[in-house]
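Below is one structure, written out as structure tokens, with a few remarks after it.
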Amino acid sequence: MWESWGRYPKTQQSLDRVFWQHEAGNSFKQQPTLAVGLGRSYGDVCLHDQARVTCMSSMNRMIAFDRESGLLRCEAGISLYDLIQIALPCGWFLPVTPGTKFVTLGGAVANDIHGKNHHRSGTFAKHVTRFALLRSDGTVRECSANENAEWFEATVGGLGLTGIILWVELQLKSVEGVWINLERLRFRNLTEFLRLTRASDQDFEYTVAWIDAASKGRKLGRGLFMRGNHAVDKRPQAPFLSKAKINIPVLAPNLLLNRWSIKTFNQLYYRQQLRQSWQGRQNFDSFFYPLDAIGNWNRLYGERGFMQYQVVLPDLDGIAHILERFVSDHLYSFLSVLKEFGPQPQQGLLSFPKSGFTLTMDIPVSTNAFKVLNELDDYVLQHNGRLYPAKDARMSAQCFQTSYPRWTEMNKFLDPAINSSFWKRVTQEESSV
Amino acid sequence: MNVVIFGATSAIAQAAAQVWAKRGDKLLLIARSQEKLVAVTHDLATRTQSNVTYKVFDLAATDQHDQLFAEINQHFSVVDRALIAHGSLPDQRACENDINQSEQQWTTNFNSPALLTLRLLKLLRSQEKGRLGVITSVAGERGRQSNNIYGSAKGGLSILLAGIQHQLHGKDVSVTDIRPGFVATPMTAHLKQGFLFVEPETIAKSLVNAIDAGRSVVYLPWFWRWIMLIIRCVPRFLFHRTQL
Ligand SMILES: Cc1cc2nc3c(=O)[nH]c(=O)nc-3n(C[C@H](O)[C@H](O)[C@H](O)COP(=O)(O)OP(=O)(O)OC[C@H]3O[C@@H](n4cnc5c(N)ncnc54)[C@H](O)[C@@H]3O)c2cc1C
Ligand SMILES: NC(=O)c1ccc[n+]([C@@H]2O[C@H](COP(=O)([O-])OP(=O)(O)OC[C@H]3O[C@@H](n4cnc5c(N)ncnc54)[C@H](OP(=O)(O)O)[C@@H]3O)[C@@H](O)[C@H]2O)c1
């Protein structure tokens, strides 16, 4: 059964698989469809209710890899897991990586993903030198910043709506080894966070903060700030990549992750570090992908599923407002992450990141959650912010259309044989703007 | 080591080829689609920087196998490992209605691999060493209403392999009967993928190990051995009431 990572909304779609580039066009025979990767998007950008999805993850071959220059070309269904295993032993790593390695190259492009180094390296698409896009009329377009540039801009972050991405060429980043030199610093509030992130931008490639989202009042916005750099380590070492150490085999009861267990977890997490700061080394796998150690952890949320609320706002007052609303309305987020984006130019028409602060919260599905989040959406719109489609399952058409004003420019590039649950939701309702 | 793979564009064969290429073996890939062979060759060569060559050949053309073997001999002075992987899963009802289709299926699933096996056997015996693996199927172990054109070809192949194993007793030449259960590949993409399905990568290592070790029969994954034991033991009067 095909579902998204949040397991919400529940949809019904048939699924076919593509194994070969020259056969990908067959998926358009029974229209309409949607190319999907490993379903690591939380909401409905990878869903197509009452229709079809075409799964690309079995089309996962390498095409070329220049071990001298780090230029890599692979079929779009290859996973980052696979890619790291080949590239890292040769001294190359992903220029931008999300918090899980189980996403496909095509998925990374179509959501124009970002990582802990956004302030330095921008989004994924910035490092994509070229890709091939198959349209339902049978044409294949090679796109780069210079060639078919407008197609490039529509397809990166384009949520799979412009065609099927067949292969992607990517410039990797040179690294010395598998280790990250890491510092973890405690901060008591958002003002301290701001000081830390500004002080770290220059000297640290990776910065991110974990927030104790269960605390309020004086403790609001406290957390742990993490900053790191690739260690300069000449010892060559084959990457040790775990598929998963533990696997959650079945759905947990709905109440496992409740207000109290989440609160306790957050307090313990904050207290794990009694000292003001900690310095050490971490393997890249546990630094970038801590959650991958638990297979199918999304099942912990039980039958109802969960949502992720990822927002970007220009200043920290907005972030404080959201944190306050969450506690005052008894929405507890198991894992909350805060990061400052850099002033990098937007790569795609619909790319999410923009200058400001991005907060990510996990919330079990509930009626209360919908009510609060809808109200927060209004706040976000008023304050010039927006939500990340890759994580979204519920924002209104008006919310999307207002915060992504370039969405109408997509019309020219949409493939008539492609659609998604997300796109129907955010475009078919009449906008009141 | 020198490895020849017949039906090398099969998903299971590709996964096995990765295991061989990773350990530095030289590969000769044989299959009928040029486009697919190019993609697979690039993939293996890019991942492992090993020496990979391909040859386009329709393996159902059994009358041209001698030419094919002449080319293999030119390419490799010694063949250390060989894998026969090609096959096709037919539509049972269509085969019943159109007898010609049944014949084609038997050619692909029995004649072709059986004749290749005999030729490889000659070659390996002349070298006095070498190991061959042939992919049959758990579907060959008991005749069923739903799949007996395919099943009979695979079952016949298994009996041939068992006989050859008898002959090879005590020699440094071996033939392994590889019996996969459900593997998620293009062949099974149209079926509903239940919990028994595994990815080709999951079984590739065991496949290669079994050939290396010269094992007679290997079930992939291992638990199929026990499932098939049960299926073989079900009395006929009960079995015939099932939809299997
Ligand atoms: C634990 C976890 C941590 C995460 N951390 C981050 C993070 O730090 N930063 C971040 O940006 N994201 C993050 N994500 C989200 C994830 O990176 C994105 O949702 C990613 O796009 C998922 O890729 P996928 O291969 O699973 O694609 P899917 O989720 O299956 O699909 C995503 C989109 O890509 C399109 N698509 C997929 N393949 C193709 C193709 N071949 N051609 C055309 N369109 C295609 C689909 O239509 C869909 O719109 C995280 C997700 C998880 C589960
Ligand atoms: N998948 C399973 O569940 C399963 C279970 C038990 C046994 N098996 C056996 O495992 C083997 C591999 O199959 P697979 O699952 O990997 O499926 P697959 O990817 O569909 O592979 C089948 C391969 O056989 C090739 N082939 C068919 N006829 C050919 C011919 N005349 N000449 C050359 N090549 C030919 C096909 O080539 P084209 O692509 O060019 O058509 C294809 O590469 C088969 O013998 C199959 O019977 C599979």
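The values are calculated or read from the model by the stated rules, or taken from the named source; none is laboratory data. The structure presented is a predicted model; accordingly, all values stated were derived computationally and were not measured. Cβ atoms come from the backbone with ideal geometry, glycine included; neighbour counts cover every protein chain shown. SASA here: full protein model, heavy atoms, side chains in, ligands and nucleic acids out. Shrake-Rupley method; radii C 1.70, N 1.55, O 1.52, S 1.80 Å.
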**Whole-number accessible area per residue in Å² for chain B, which is evaluated in the context of all protein chains at 1.4 Å** = 48
**Request:** Can you list which of the GluC sites (Glu not before Pro) found in segment A:100-164 are DSSP loop residues with at most 12 other C-beta atoms within 10 Å?
**Result:** A:E147
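Average partner chain C-beta neighbours within 10 Å, per residue of B:179-188?
Whole-number average of other-chain Cβ neighbours for B:179-188 is 1.
Per residue of B:195-207, what is the mean number of Cβ atoms on other protein chains within 10 angstrom of that residue's Cβ?
Numbers: counts 0, 0, 0, 0, 1, 1, 1, 0, 0, 0, 0, 0, 0.
The shielding value for this peptide is 0.
Classify segment B:138-206: rounded, prolate or oblate, from the alpha-carbon gyration tensor (a ≥ b ≥ c, eigenvalue square roots; a/c under 1.5 rounded; otherwise prolate if a/b is larger than b/c)? Kindly include the intermediate steps, with their values, before the conclusion.
On the way: a/c = 3.48, a/b = 1.50, b/c = 2.32.
Oblate, because a/c is 1.5 or more while a/b does not exceed b/c.
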**³J(HN,Hα) computed for each position of segment A:74-85 - Karplus, 6.51 cos²θ - 1.76 cosθ + 1.60, integer Hz, glycine/proline x** = 9, 5, 5, x, 5, 8, 5, 4, 4, 5, 5, 4
**Request:** Sequence neighbours fewer than 8 away in the same chain don't count; with that in mind, list the lysines whose C-alpha is under 18 Å from A:K371.
**Result:** A:K391
**Request:** Obtain the nm distance between the two label points defined at A:Q50 and A:A252 by a simple spin-label model: each point lies 7 Å from its Cα along the Cα-to-C-beta direction.
**Result:** 3.5
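Distances over 14 Å make up what percent of all Cα-Cα pairs in segment B:47-86? Intermediate values should be presented prior to the final figure.
Working: 470 of 780 pairs.
Beyond 14 Å sits 60 percent of the P(r) for segment B:47-86.
Go ahead and run the numbers for FRET between B:K192 and A:L71, Cβ-Cβ distance against an R0 of 25 Å, rounding to 0.05.
0.05
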**the protein assembly as shown - percent of accessible surface contributed by carbon and sulfur, probe 1.4 Å** = 52
**Fill in**
Normalised Cα Rg of segment B:1-94, dividing by 2.2 N^0.38 Å with N its residue count, works out at 1.08
**Prompt:** Percent of alpha carbon pairs in the protein assembly as shown separated by more than 32 Å?
**Reply:** 56
**Asked** Dipole magnitude of segment B:33-108 about its Cα centre, charges +1 at Lys/Arg Cβ and -1 at Asp/Glu Cβ only, in debye to the nearest 20?
**Response** 400
**Prompt:** Rounded to the nearest 100 Å², what is the sum over both chains of accessible area buried where B meets A, with a probe of 1.4 Å?
**Reply:** 1300
**Message:** In segment B:192-235, whose amide N lies under 19 Å from the spot 7 Å out along Cα-to-Cβ of B:Q145? List them in ranges.
**Reply:** B:231-235
**Request:** Provide the per-residue ³J(HN,Hα) series for segment B:174-180, in order, calculated from phi with Karplus coefficients 6.51, -1.76, 1.60 and θ = phi - 60°, each as a whole number of Hz, with x at glycine and proline positions.
**Result:** 9, 10, 10, 8, 9, 10, x
**Request:** State the volume of the convex hull built on the alpha-carbon positions of segment A:146-267, expressed per residue in Å³ and rounded to an integer.
**Result:** 254
**Prompt:** What residues qualify as long-range amide H neighbours of A:L166, i.e. H under 5 Å apart, gap of 5 or more or another chain, H built at 1.01 Å from N?
**Reply:** A:A132, A:L133, A:L134
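Under the √(5λ) rule applied to the eigenvalues of the Cα gyration tensor, what semi-axes describe the equivalent ellipsoid of segment B:48-168? Give them in Å, descending.
Working through the eigenvalues yields semi-axes of 28, 17, 13 Å.
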**Asked** Once amide H atoms are built 1.01 Å from N in the peptide plane, which residues 5 or more positions from A:T33, or in another chain, come under 5 Å H to H?
**Response** A:I418, A:N419
**Complete:** Here the alpha-carbon Rg of segment B:121-176 over 2.2 N^0.38 Å rounds to 1.32
**Message:** At R0 = 56 Å, how high is the FRET efficiency between A:Y269 and A:Q30 if r is their beta carbon distance? Nearest 0.05 is fine.
**Reply:** 0.70
**Message:** Do any residues of segment A:42-62 show a loss of at least 10 square angstrom of accessible area between the isolated chain and the full protein assembly, using a 1.4 Å probe, and if so which?
**Reply:** A:N60, A:R61, A:M62
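Give me the 1.4 Å probe accessible area per residue for segment A:156-292, excluding ligands and nucleic acids, in Å².
51
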**Asked** Rg/Rh for segment A:319-433: what does it come to with C-alpha atoms and Rh from Kirkwood?
**Response** 0.97
**Message:** From the C-alpha coordinates alone, can you work out the Kirkwood hydrodynamic radius of chain B, in Å?
**Reply:** 18.4
